[in-house]
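Shown next, in structure tokens, is the structure this report addresses.
The values are calculated or read from the model by the stated rules, or taken from the named source; none is laboratory data. Please read all numbers here as calculations on a predicted model, not as lab measurements. As a convention, Cβ positions derive from the backbone with ideal geometry for all residues, glycine included, and neighbour counts pool all protein chains shown. Just the protein is used for accessible areas: all its heavy atoms, side chains included, with ligands, DNA and RNA removed. Shrake-Rupley method; radii C 1.70, N 1.55, O 1.52, S 1.80 Å.
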Amino acid sequence: MASYSTNEFKGGLKVMLDGDPCSIVENEFVKPGKGQAFNRVKLRNLKTGRVWERTFRSGESLEAADVMDRDMEYLYNDGEFYHFMEPDTFEQHQASADAVGDAAKWLKEQDTCTVTLYNGAPLAVTPPNHVILEITDTDPGLRGDTAQGGNKPATLSTGAVVKVPLFLEIGETIKVDTRTGEYLGRAKED
Amino acid sequence: MSDNTWRPTASIAALQQRADLLSRVRGFFAERQVLEVEVPVLSRRATSDPHIDSITALCNGDAAFLATSPEFGLKRLLAAGMGDCYYLGKAFREGEAGGRHNPEFTMLEWYRCGWDDRRLMGEVGDLLGETLGISTVESVSYRELFRRQLDLDPHTASDSALRNTAERHLDLSFTPADRDECLDLLMSHYLEPRMGGGITLLYNFPASQAALARVVADETGRPVARRFEAYVGGLELANGYWELTDAEEQLRRFQADHRYRGAHKLHVYPFEERLVEALQAGLPDCAGVALGIDRLLMLAGGYRRIEEVIAFPIERA
């Protein structure tokens, strides 16, 4: 496997650190005018999601991690594993609940997700930035209250709970930003 | 993005601020009768500093080097009787690139004959105060800063105490090799970020970090380097010395740098023997300081990254 030197570190680069695959978040070159050069690097552990900071001597290198992001279609959950399919090869991958993590609450069958593969196996799943989901439970809507700012919790078909405006009803479909959990609007496709 | 790489990374407003800052710096020295001089940017001799690398060029078929600072040229002028003078222009350092570094940068360096480091620190404070509109200046010794923040005397703490402190506060991928590496780590990663927003003038560095400063006993009798650094909001801006004028000591330091570079498998380039000759002829007692203009501009304009104040950083140069 290739390795990367500190001067090649940049956001998104996948490297091995302490035996775990990591994604570089930030790389800051630190050098006192008359002192030694270091690189202060923020990394996200792709297994745990934890971000931490480590200092390297400039010129040190890290082994590349065999990690790649693939767009895959979410198929179904069999109770234990989440199944995804590569759209061009139809190759299927099963991801554990650990790998799927918080993304689980946004997964809708046939949506395209980004699956991060580590040594060929799913390590993490990133849902689409925007998903369209049906409201399965919420308090009754308040008619005519389309201008007021108030909101209420609504449970969606995938189990996620988001805040929605008071006028929305069970059965309506809405668009949500999965990065923030924010309600974006009623889905237009209905 | 890639189709727009012909454009400057700095805004037109930032470049106007640059022009204004350069003219104010020149005004500051004109008023104080310090003369602007030029020295070579392209030289047959490289820096010997163990932690700074020269960029190699080819000139008339032979190796030449881009100046990492105007220091040697300015000192030769001082020895020739130039008097108080400054250089405001480009300097180059290999491998230095990041949010606060560009391999090509603008440096201001000036010398004051008959002054020591303490007096020059005052003038650095004046220049920074005038250009940044900051009136808070704190002078603190290297020892005092370490004592205050880390409860550690950087001159007398044992090697293992220094290493433990560095490893306790920082997550390192390596074991620090020596005292200076521990001190550099603590300074750049721990102490600088904790400096306040005003001007901090740090003086009396460990003798092992003297570079070209005199080493003199401090009030406790400990030999310290009469070297200082200026910071604003934790950003290192300037490095100054009460200059070494002893030719033999200068030669010993060049040789020590060569040994260090050789032992650490770094490039060993010919050192500037003409500086030793100039010191033999007689360098007036003086203090000198170098200041990064790009960083000063970052602070003056509230810019976070150096490419916001340089029209064409190396990625676009």
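Comparing the full protein assembly with the isolated chain (1.4 Å probe, heavy atoms, ligands and nucleic acids excluded), the residues of segment B:153-185 losing at least 30 square angstrom of accessible area are B:Asp171, B:Ser173, B:Phe174, B:Glu181, B:Asp184. The longest stretch of chain A left intact once loop-based GluC sites (Glu not before Pro) with at most 10 other Cβ atoms within 10 Å are removed from consideration, loops following DSSP, is A:81-188.
Here is the result for segment B:171-241: no trypsin sites (Lys or Arg not before Pro) lie in DSSP coil with at most 15 other C-beta atoms within 10 angstrom of their C-beta.
Were the residues from B:Asp62 through B:Phe312 laid out at 0.36 nm apart, the gain over their Cα-Cα distance would be 87.2 nm. Taking every alpha-carbon pair in the protein assembly as shown and binning the separations at 10 Å intervals from zero gives 3, 15, 22, 20, 14, 11, 8, 4, 1, 0 percent.
Pull up the DSSP beta bridges for the protein assembly as shown and report the antiparallel fraction as a percent, rounded to 5.
Of those bridges, close to 95 percent are antiparallel.
Of all lysines in the structure, the ones whose alpha carbon falls short of 21 Å from that of A:Lys34, not counting any fewer than 8 places away in one chain, are B:Lys75, B:Lys90, B:Lys265. Here chain A is treated with +1 on each Lys and Arg Cβ and -1 on each Asp and Glu Cβ, and its dipole about the Cα centre works out to around 1160 debye.
Placing a pseudo-label 7 Å from each Cα along the Cα-to-Cβ vector at B:Ala13 and B:Asp126 gives an inter-label distance of 3.2 nm. Note on B:Ala30 and B:Leu266: the extension gain reaches 80.9 nm, defined as 0.36 nm multiplied by sequence separation minus the Cα-Cα distance. Here A:Glu63 and B:Asp151 are evaluated by their C-beta separation; at R0 = 56 Å the FRET efficiency comes out at 0.90.
Straight Cα distances below 14 angstrom link A:Lys14 to the aspartates and glutamates A:Glu26, A:Glu63, A:Asp66, A:Asp69, with same-chain residues fewer than 8 positions distant left out.
For chain B, the solvent-accessible area with a 1.4 angstrom probe is 44 square angstrom per residue.
When chains B and A come together, the accessible area they lose, probed at 1.4 Å and totalled over both chains, is close to 2100 Å².
When both segment A:36-58 and segment B:154-182 are represented by their alpha-carbon centers, they are found 19 Å apart.
Counting protein heavy atoms only, segment B:1-146 has 50 percent of its accessible area on carbon and sulfur, 1.4 angstrom probe.
Comparing A:Thr112, A:Thr48, A:Thr89 in a Gaussian network model of chain A where C-alpha atoms under 10 Å apart are linked, the largest mean-square fluctuation is found at A:Thr89. Expressed as a whole percent, the accessible area of segment A:67-126 that falls on carbon and sulfur atoms is 43 (1.4 Å probe). Whats the longest run of chain A with zero trypsin sites (Lys or Arg not before Pro) that are DSSP loop and have at most 16 other Cβ atoms within 10 Å? Of all site-free stretches, the longest is A:51-107. Placing dummy labels 7 Å off each Cα toward the beta-carbon, the span from A:Thr114 to B:Glu248 is 6.6 nm. Treating r as the C-beta distance of B:Ser23 and A:Asn7 and R0 as 41 Å, the FRET efficiency rounds to 0.70.
A 1.4 Å probe run over the protein chains yields, for segment A:67-126, 54 Å² of accessible area per residue, whole-number rounding.
For segment A:1-147, DSSP calls about 100 percent of its internal beta bridges antiparallel. Straight-line reach from A:Lys188: which lysines fall under 30 Å, measuring Cα to Cα and dropping same-chain residues less than 8 apart? The reachable lysines, counting only those whose Cα sits under 30 Å from A:Lys188, are A:Lys105, A:Lys108, A:Lys152, A:Lys163, A:Lys175. In segment B:216-242, whose amide N lies under 20 Å from the spot 7 Å out along Cα-to-Cβ of B:Lys90? List them in ranges. Flagged as within label range: none.
Carbon and sulfur atoms: what percent of the 1.4 Å accessible area of segment A:3-63 do they account for?
Of the solvent-accessible surface of segment A:3-63, carbon and sulfur hold 41 percent.
Sites listed here are GluC sites (Glu not before Pro) in segment B:197-299 whose DSSP assignment is loop and whose Cβ has at most 16 other Cβ atoms within 10 Å: B:Glu219. Inter-label distance, A:Glu172 to A:Lys152: 1.1 nm, where each label sits 7 Å from its Cα along the C-beta direction.
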